[in-house]
Every structure is written in C-alpha cells, then in structure tokens.
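Everything on this sheet refers to the single structure shown next.
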Amino acid sequence: MARAGVLTPDDRVELIEGEIVKMSPIGSPHAACVSRLNSLLQSILGENAIVSVQNPVQLNDFSEPVPDVTLLKPQKDFYSSGHPGPADVLLIIEVAETTVISDRNVKVPLYARNSIPEVWLVNLPKKLIEEYFEVADGRYLKSKKYKRGENIVSATIPGLSLRVSDILD
C-alpha cells in the first residue's frame, strides 16, 4: 500500500487479519526497553540470529505485524528479497506500555495461529515478562510469567537466557 501511495513511509501501521491498525506512539520506557533488548540479544546471539527491531513479519496474506523485536534465522541477504515469514522466526518479543491487553488478546493468538514458536510479552506496567511457547492447533499450550530477580530462559532457543531486571531496568 505504501508503493501505491495509500500509506506514507511515516505512517505507523501494521496489517492484522486484513485490517490496517494504527500503532501506538512509542514512549521513552518502551523505546529504552527495546534498545536494551537489542543490545542484550546482539551480544548473546552474535551471528546465530538476526535481531530485527520494529520491522515487519509477513505471517500470511492478511497479517503483517511489526513486532518490537524479532529473532530471525540467519540469512545472508538479511531478508532484502522479502519480509521474513513464520518459518524464518525464532522468537517474537512485543514490548507493551499501553497495549498489553491487545497484544495479549490479539497479537499473541495471531502468532500462535501462524506457528511462531515462542513469544515474549514485556508488560512494562506490571514489570513482568510473559512467555508463550509450545504451539499446537493454533494456540500456545504453555505460558510462564517472569518478574525481577528471575531469569527468562527461552523454551526454543538453546542458550538464550536473560535476567528480567536487565530487560526491565
């Protein structure tokens, strides 16, 4: 739609199940959390994954969300030939300051229906991280909550462990 002139490059929108949804403005706590995640993940994962920050993922013909952080399988062209799809995604992280309910009730189930193996929802107001994993029949069978003082250990990416306080600080 941007190529057709319907949207401008400055429009902060994402396509969710056929609807163009305006994205919330990014507050300072949200931006800082995304930057911390980017730094932590880059240092831990190195070349074992591409850390993609606020870039689209094409789940299907009707949904192209823009997660805050996406860990992608390494690809030499860094996905210049097209946006990554579900098979390319290792982990999606949504940071929520004002969108916790919609992220939990709309985006997390959308990711499950499209077989994203793991999702972290960073709930800034509650100062915790929700982890969703083990997809079957279009839904996540397992979830865990982590708070300060705990480590979140990825259920799907070997060796990925972060201190919650490093993410939420």
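Which pairs have Cβ atoms under 6 Å, sit 6 or more apart or on different chains, and link a residue in the range 87-102 that is under 9 Å from ASP68 (Cα atoms) to one that is assigned to a loop (DSSP other than H, G, I, E, B) and not charged (D, E, K, R)? Cβ pairs passing all conditions: ILE92/PRO67; ILE92/ILE116; GLU94/PRO67. Apart from one condition, LEU45 fits all of (1) closer than 28 Å to VAL164 by Cα; (2) surrounded by 16 or more Cβ atoms within 10 Å (Cβ to Cβ); (3) under 15 Å from the mean Cα position of the chain (by Cα); the exception is (3). Within the option set ASP68, ASP77, being over 13 Å from the mean Cα position of the chain (by Cα) and not hydrophobic (A, V, I, L, M, F, W, C) holds for one residue only, ASP77. Residues that are assigned to a loop (DSSP other than H, G, I, E, B) and among the hydrophobic types (A, V, I, L, M, F, W, C) were ranked within the range 86-145; the one that is farthest from PRO74 (Cα to Cα) is LEU124.
The residues on offer are GLU94, GLU64, GLU130, and the sole one that is of a type outside the set (A, V, I, L, M) and within 14 Å of LEU37 (Cβ to Cβ) is GLU94.
Identify, please: which residue in the range 88-102 is acidic (Asp, Glu) and touching a helix residue (DSSP H, G or I) at 6+ places or on another chain (Cβ under 9 Å) and is, among those, modelled with the lowest pLDDT? The selected residue is GLU97. The test for being of a type outside the set (D, E, K, R) and surrounded by fewer than 20 Cβ atoms within 10 Å (Cβ to Cβ) does not hold for VAL89.
Is it true that ILE157 is in contact with a Leu (Cβ under 6 Å, 6 or more places away or on another chain), outside any strand (DSSP E or B) and surrounded by 14 or more Cβ atoms within 10 Å (Cβ to Cβ)? Spell out the reasoning first.
Values: in contact with a Leu (Cβ under 6 Å, 6 or more places away or on another chain): yes; outside any strand (DSSP E or B): yes; surrounded by 14 or more Cβ atoms within 10 Å (Cβ to Cβ): yes.
For ILE157, the condition - in contact with a Leu (Cβ under 6 Å, 6 or more places away or on another chain), outside any strand (DSSP E or B) and surrounded by 14 or more Cβ atoms within 10 Å (Cβ to Cβ) - is met.
Of the candidates VAL57, VAL100, VAL122, VAL95, the single residue that is buried (at least 20 other Cβ atoms within 10 Å of the Cβ) and more than 21 Å from ASP11 (Cβ to Cβ) is VAL122.
The values are calculated or read from the model by the stated rules, or taken from the named source; none is laboratory data. Keep in mind the model is a prediction, meaning the values are calculated, not measured. Here Cβ is always computed from backbone atoms with ideal geometry, including for glycine, and neighbour counts include all displayed protein chains.
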